[in-house]
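The values are calculated or read from the model by the stated rules, or taken from the named source; none is laboratory data. This one's a predicted model, so the numbers in the text were calculated from it and none came from an experiment. Here the Cβ positions follow ideal geometry from the backbone for every residue, glycine too, while neighbour counts run over all protein chains shown. For accessibility, only protein heavy atoms count, side chains too; no ligands or nucleic acids. Shrake-Rupley method; radii C 1.70, N 1.55, O 1.52, S 1.80 Å.
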Amino acid sequence: MRVSSHQPLHHCPPMSDPRTTEVIERLAADLGDRVYMDIARWHLYLKDAHLDKILAQRLYAQAEQGTLKEDQALAILREILVDIGGGRRQIPLLDLVPVQAQLAYMDVVEAFQKRLP
């Protein structure tokens, strides 16, 4: 699954700092295990779709700028476009994540923010 975005990738934080890398990897693991897309009643978890790391990087970058509000967290899901049909069409990740998985997403985001210094 290919991902594109309205935002260039250079907005993602550098992964050279071991602490940053650890925080992003933990966030990616939490997102990948708990958040899924619903595709024809199949649950495709973000880790299996390889979307967990890009989402974690975007969330981390936004959180570095201050408190991450719900509308900002949802906007990140909206900005990540998922290619379908061999790239013939792109759908915002937000449109593929059902309400129940969005609640899990917000739980992960909230827990992530509590762990930040």
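Read through the list (1) at pLDDT 95 or above; (2) surrounded by 14 or more Cβ atoms within 10 Å (Cβ to Cβ); (3) of a type in the set (Val, Ile, Thr), then give the number of the only condition that ILE84 fails.
Result: ILE84 fails condition (1) only.
Collect the residues in segment 33-66 that are open to solvent by 20 Å² or more (accessible area, probe 1.4 Å), closer than 19 Å to LEU116 by Cα and in contact with a helix residue (DSSP H, G or I) (Cβ under 7 Å, 6 or more places away or on another chain), keeping them in residue-number order. Let's see the steps before the verdict.
Keep residues of segment 33-66 that are open to solvent by 20 Å² or more (accessible area, probe 1.4 Å), which gives 33-34, 36, 38-45, 47-48, 50, 53-54, 57, 60, 62, 64-66.
Narrowing the set further to residues that are closer than 19 Å to LEU116 by Cα leaves 53-54, 57, 60, 62, 64-66.
Once the filter is applied, which keeps residues that are open to solvent by 20 Å² or more (accessible area, probe 1.4 Å), closer than 19 Å to LEU116 by Cα and in contact with a helix residue (DSSP H, G or I) (Cβ under 7 Å, 6 or more places away or on another chain), segment 33-66 yields LYS53, GLN57, TYR60, GLN62.
Report, ordered by the first and then the second residue, all pairs with beta carbons closer than 6 Å, sequence separation of six or more or different chains, a first member in segment 42-64 that is aromatic (Phe, Trp, Tyr), and a second member that is modelled with pLDDT under 95 and part of a loop (DSSP other than H, G, I, E, B).
Within 6 Å, the pairs are TYR60/PRO13.
For segment 81-100, check the following and say yes or no: at least one residue is assigned to a helix (DSSP H, G or I), among the polar types (S, T, N, Q) and under 19 Å from THR20 (Cα atoms). If you could, list the steps in order and put the result at the bottom.
Let us first name the residues in segment 81-100 that are assigned to a helix (DSSP H, G or I), namely 93-96, 99-100.
Adding the requirement that they be among the polar types (S, T, N, Q) leaves 100.
Remaining after also requiring under 19 Å from THR20 (Cα atoms): none.
Scanning segment 81-100, I find no residue that is assigned to a helix (DSSP H, G or I), among the polar types (S, T, N, Q) and under 19 Å from THR20 (Cα atoms), so the answer is no.
List the number of the failed condition for ARG89; all other conditions in (1) open to solvent by 40 Å² or more (accessible area, probe 1.4 Å); (2) under 21 Å from ILE24 (Cβ atoms) hold.
Among (1) open to solvent by 40 Å² or more (accessible area, probe 1.4 Å); (2) under 21 Å from ILE24 (Cβ atoms), ARG89 violates only (2).
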